[in-house]
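S.K.: Here you go, one structure.
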Amino acid sequence: MNDIKISSNRSFGIVFFIVFLIIALYPLISNQDLRLWSLVISLIFLVLGLLNSKILTPLNKLWFRFGIFLGKLIAPLIMGIIFFLVVTPIGYLMRLLGKDVLNLKYNKNKSYWIEKDGPKSKMKNQF
């Protein structure tokens with residue numbers, strides 16, 4: 001985590017200004033009252049962000065650590081879901097159909113070498 005640089009206090013303040021401003025203005029869509037508490041918090045973040053205040057540094061570090069935590073938690077979860085919902089059913093389907101894409105079945109030949117038919121390769125117009 002030492003080699004990862006956290007964002008500046010200015011950008012952190014502006015992002016949270018936008019987030020709390022959206023929270024404050026969202027009730028206006030359904031003709032409800034403005035959320036004043038959120039509007040006040042958004043203005044505080046705007047002022048502190050524009051001044052690039054050191055007051056935002058602990059909040060910025062806390063938010064950064066929260067992001068690292070979420071990344072360590074969510075990434076394996078999503079990869080597990082993808083594995084069990086995509087890769088595993090495809091594997092079972094391949095077994096049911098008797099496919100051996102990786103050529104892992106036992107072969108009585110002396111070698112597992114596969115001879116290639118046709119030209120080895122063409123080196124013209126590589127790019």
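The values are calculated or read from the model by the stated rules, or taken from the named source; none is laboratory data. In this text, all values refer to a predicted model and were calculated from it rather than measured experimentally. For neighbour counting, all protein chains shown are included, and Cβ atoms are generated from backbone atoms with ideal geometry for every residue, glycine included. Keep in mind that these areas ignore ligands, DNA and RNA; they rest on the heavy atoms of the full protein, side chains included. Shrake-Rupley method; radii C 1.70, N 1.55, O 1.52, S 1.80 Å.
S.K.: Please give every one of the lysines within straight-line cross-link reach of K110, meaning a C-alpha to C-alpha distance under 29 Å, and leave out same-chain neighbours fewer than 8 residues apart.
M.R.: List returned: K99, K120.
S.K.: Quote the relative contact order of the range 15-104 in percent (integer), defining contacts as alpha-carbon pairs under 8 Å separated by 6+ residues. Display every interim value, and only then the final one.
M.R.: Details: 37 pairs, mean separation 16.5, N = 90.
Taking the mean separation of contacting Cα pairs over the length of the range 15-104, I get 18 percent.
S.K.: While we're looking at this one, here's another question. Mind checking the angle between helix 9-25 and the chain's longest principal axis? C-alpha axes, 0 to 90 degrees, to the nearest 10.
M.R.: 80 degrees
S.K.: Place a +1 charge on the Cβ of each Lys and Arg in the chain and a -1 charge on the Cβ of each Asp and Glu, then give the dipole magnitude about the Cα centre in debye, rounded to the nearest 20. Walk me through the numbers on the way to the answer.
M.R.: Working: 16 positive and 5 negative charges, 149 e Å.
About 720 debye.
S.K.: Which of the following values of Rg and Dmax of the Cα atoms in Å was calculated from the structure shown: (1) 28.1, 80; (2) 21.1, 82; (3) 22.7, 68?
M.R.: (1)
S.K.: Helix 56-82: angle to the longest alpha-carbon principal axis of the chain, degrees 0 to 90, nearest 10?
M.R.: Approximately 30 degrees, to the nearest 10.
S.K.: Relative to the first principal axis of the alpha-carbon coordinates of the chain, what is the inclination of helix 88-97, with its axis defined by its Cα atoms, in degrees from 0 to 90 and to the nearest 10?
M.R.: Between the helix axis and the principal axis of the chain, the angle is about 20 degrees.
S.K.: Say each of V101 and L34 gets a label point 7 Å from the Cα, pointing the same way as Cα to Cβ; how far apart are those two points in nm?
M.R.: 5.7 nm
S.K.: Tell me the label-point distance for the pair K124, T57, using the 7 Å Cα-to-Cβ offset, in nm and rounded to one decimal.
M.R.: Taking the simple label geometry, K124 and T57 are separated by 6.5 nm.
S.K.: Let me ask something else about it. Sorted by average packing, counted as other Cβ atoms within 10 angstrom per residue and highest first, what order do 96-105, 75-84 take? Spell out each step's value before the answer.
M.R.: Numbers: 96-105: 7.7, 75-84: 10.2.
Per-residue mean Cβ counts within 10 Å order the peptides as 75-84, 96-105.
S.K.: Assuming a ≥ b ≥ c are the square roots of the Cα gyration tensor eigenvalues, decide whether the range 88-127 counts as rounded (a/c under 1.5), prolate (otherwise, with a/b larger than b/c) or oblate. It would help to have the intermediate numbers written out before the result.
M.R.: Values: a/c = 4.24, a/b = 1.57, b/c = 2.70.
Note, shape of the range 88-127 comes out oblate.
S.K.: When the accessible area of the range 28-127 is split by element with a 1.4 Å probe, what percent falls to carbon and sulfur?
M.R.: 69 percent
S.K.: With a probe of 1.4 Å, find how much accessible area the chain has per residue, and write the answer as a whole number in Å². Numbers along the way, then the final one.
M.R.: Working: 11390 Å² over 127 residues.
Ligands and nucleic acids excluded, the result is 90 Å² per residue.
S.K.: Hey, what number do you get for the chain at 222 nm if only DSSP H runs of n ≥ 4 count, each worth -39500 (n - 2.57), divided across all residues, to the nearest 500? Show your work: numbers first, answer last.
M.R.: Working: 4 runs with 69 residues, N = 127.
Value at 222 nm, helices only: -18500 deg cm²/dmol.
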